Amino acid sequence: MKHADMQSPVSFFANVARLPGLPVVIEADAAQRAALAEAHGLLSVEAYRAELLVASWKRNGVKVSGRVEADITQACIVTLDPVQAHIDEPVEALLLPEDSKLGRQGFEGGGEILLDADGPDSPETFSGDIIDVGALAEQFFGLAIDPYPRKPGASLGAGDDTGSAENEFQQKLRSLLGKS
């Protein structure tokens, strides 16, 4: 995934040639929040803020760290009523130039690559001198969104009508199976 190619409502392009340290604060305006809500299937995004530090890592890599915070409203999966949530997600990413030997040595060196599911992610690559740290922060925002928001007290319990409808369906299915 190349971050410079991504389009994000909260794009912020950092020039990695200007490191060792670049603080970045992204505060989304109303249009950006509306675009984020649409992109992530949310009813609304009331607030979105990312505070990041873009720093050099190893010889020519980049480390992005910080936090993304947001207040969002989603539709309950049971009642479709609005459900409000607060996101406070750490952002940690390592990036290497796509021509970096450090990024290729595990794959082309013939050695084994050990992956730890609980450990840090392997570095992603970028091309040129520009990284879209806004799009990177949006990825962490998207991963923090609850995929199954539920209003307190809402449950998927079967009522009397649902039970009889399921029984009727099962009877029809059995009659069709018996005809073959």
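When you count, for each residue, the other Cβ atoms within 10 Å and take the mean per peptide, how do 128-135, 86-93 rank with the highest first?
Descending mean neighbour count gives 128-135, 86-93.
Can you give the extra length, in nm with one decimal, that the chain gains between R59 and D88 once fully stretched, where that is 0.36 nm per residue apart less the Cα-Cα distance?
Gain in length upon complete extension: 7.3 nm.
For A47 and L173, compute 0.36 nm times the residue count separating them, minus their Cα-Cα distance, and round to one decimal in nm.
40.4 nm
Read-outs: derived from the displayed coordinates by stated rules, not from any lab. Please read these numbers as outputs of a predicted model, since none were measured by experiment. Neighbour counts are summed over all protein chains in view; Cβ atoms, including those assigned to glycine, are modelled from backbone coordinates with ideal geometry.
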